[in-house]
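Report on one structure; see the data block that follows.
Since every read-out is calculated from the coordinates, none of them should be taken as a lab result. Bear in mind the structure is a predicted one, so any value in this text is a computation, not a measurement. Note: ideal-geometry Cβ built from the backbone for every residue, glycine included; neighbour counts use all protein chains shown.
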Amino acid sequence: MKKTAIIKASLASLVIGTGLFTSTAQASEISLVRHTLGLDQKPKQTQQNTNVNKADREDKNVLLGYYTQQTTELTNLTGYTKDSNKLEFVPKGGVGETLVTVSPNSFSKYKTDDNGNPGLDVFVVRENTSDRGTTESSIGGVTKTNTKSYKDPIKTPYISVKTTENGVTKDESLNGINFNKEEVSLKEVDFKLRKLLIDQKGLYKSQYSDGTIIVHLNNGGRNTFELHKKLQDNRMSDVINSTDIQYIEVTLTK
């Protein structure tokens, strides 16, 4: 019999055999057994989770600066692979270039020959903001160019925003997001939604600097963005079909 099983059996015999703690000695022995088994320790899971959340929180002023900077949308360009994780795009005018870092899973689908990868769009958010050279560095945001032209936006999703003030929960809808691409990157979805929340709800400017954005899909799936930190680099290369977006649910907290 294992040590822990023997200890448990001893504890059970003490309780069953006496019905009650008939002496201080028995109570002390049972206390020792409980300590040995770890039964008198308080759970630590909640405290650990709290510490993790605090550790990955980013400064709201840094987030505000990132999500209010100017963006660029490149369309129908050819991307050429570079190194082992980058695509290089040269504008049709031939001035400047954009170097985009993509996730390993995304990079593997691109051709590495001299013909490159035609028919690509890029949602560019400049990462090297301190470098004002001719090369822009961005992460993810690469999608296929539309297969046809559209007169109206392809998708204008319903957006609900929930806030709580003085114990009163308020639920309202926001307008202003149109997706004009058949395929859209999570980078673009995340950036445009946060920019909307900054402009209309004061995200990172007022009391709201935390919460979640949940993009619900028609197939029951979802993509969640945590507002206390920037979207993870590896997720910026993920793409979804804009028509698959069912609705968007936002919860803002302090």
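The table below gives the values:
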item	result
Residue exposure sequence - 101, 71 - by fewest surrounding Cβ within 10 Å	71, 101
FRET efficiency, 1/(1 + (r/R0)^6) with R0 22 Å, evaluated for residue 178 and residue 72 via beta carbons	0.80
3J(HN,Hα) from dihedral phi, the stretch 106-118, Karplus parametrisation 6.51/-1.76/1.60, rounded to Hz, x for glycine, proline	6, 4, 5, 8, 9, 6, 9, 7, 5, 6, x, 10, x
Rounded to whole Hz, the Karplus (6.51, -1.76, 1.60) HN-Hα couplings of the stretch 238-248, x for glycine and proline	5, 10, 9, 7, 4, 6, 7, 6, 8, 7, 10
Protection proxy ranking of 192-200, 83-91 - average other beta-carbon atoms within 10 Å, highest first	192-200, 83-91
Residue 204 long-range amide H proximity, modeled H, under 5 Å	209
110, 150, 208 arranged by Cβ crowding within 10 Å, fewest neighbours leading	150, 110, 208
